[in-house]
Amino acid sequence: MRRRIDMADVEAATKIRAKYLRALESEEWELLPGPTFVKTFLRTYAEYLDLDARLLVEEYKQRFERPAGVELTPLNLRSQRRRRRVAPRIGPGIVILVGIIALLGALYALGSFGNDDEKPPATEVEATPTPENKKKAPKKKASGGSNQRAKAMRVQISATGQVYVCMEDSRGRAVVDQRTLEAGEKTRTFRGRRFKVTFGTASARLRVNGRTYRIASSRDPVGYDLRSGSRPKRITTGLATCT
């Protein structure tokens, strides 16, 4: 109001809807899509007004943001104890059966030795030599196609204007942690098989494996799911939050 800036001008410059800007002014957080977008909108709006964006976001976190449910879950609940495999014990019945078989074998052997004098001498037969150098059939090699992993893709983001960016890898780790890129600024090239990225505005370009993709124009934050071997897929739920 001091600078006599019309809300429509702010909406056009920041790409944030006027209703969200008014909700920020009146601290009606329930009218905004979620805590992640609140911080994004606060940062973009503050930078437009030449205010300290970091200070405003930190104040919002301390006053209004509650810890996520994931943070309250102890990490040790995710680990599971492996059951040890115990070898089955030999029962007494098996031991008795083995003893009986051994006794019968001994009696048979004694009987055979006692009749050796009555039997005619066995005719000697020449044993057929067994070839020792038989070549074993070569084992077939497993097909390499089923064992090959998907190749890692290369991802880089370049800003065409001021834009908020959050990008997470396949493990949910932030590789671009809520950065605001200026026009002409680029990130380093990331390698991986899957990423999720959220843009505050459409003022950016995605470069995947040397191919450039435009960001869809929208008043709300835009999210993409990047997977190796596929084109970037726009998503509306499960966006990267870098929290």
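Quick notes on this structure:
- For the range 153-235: rounded, prolate or oblate by the Cα gyration tensor [a/c cutoff 1.5]: rounded
- Residue-wise HN-Hα coupling along the range 95-103, computed from phi with Karplus coefficients 6.51, -1.76, 1.60 (Hz; x: Gly, Pro): 4, 5, 5, 4, x, 5, 5, 5, 5
- The range 7-66 shape via C-alpha gyration tensor axes, a/c threshold 1.5: oblate
- Compactness relative to 2.2 N^0.38 Å, alpha carbon Rg of the range 193-243: 1.08
- Fewest-first ordering of Ile215, Ile96, Ile16 by other beta carbons within 10 Å of each residue's beta carbon gives Ile96, Ile215, Ile16.
- Electrostatic bookkeeping for Arg227 treats Lys and Arg as +1 and Asp and Glu as -1; over the other residues with beta carbon under 11 Å from its beta carbon, the sum is +4.
- Environment charge of Glu185, counting only residues whose C-beta is closer than 12 Å and scoring Lys/Arg +1, Asp/Glu -1: +3
Coordinate-derived values only; no laboratory data. Because the structure is a prediction, the values reported are computed rather than measured. Reconstructed Cβ throughout: ideal geometry from the backbone, glycine too, with neighbour counts over all protein chains shown.
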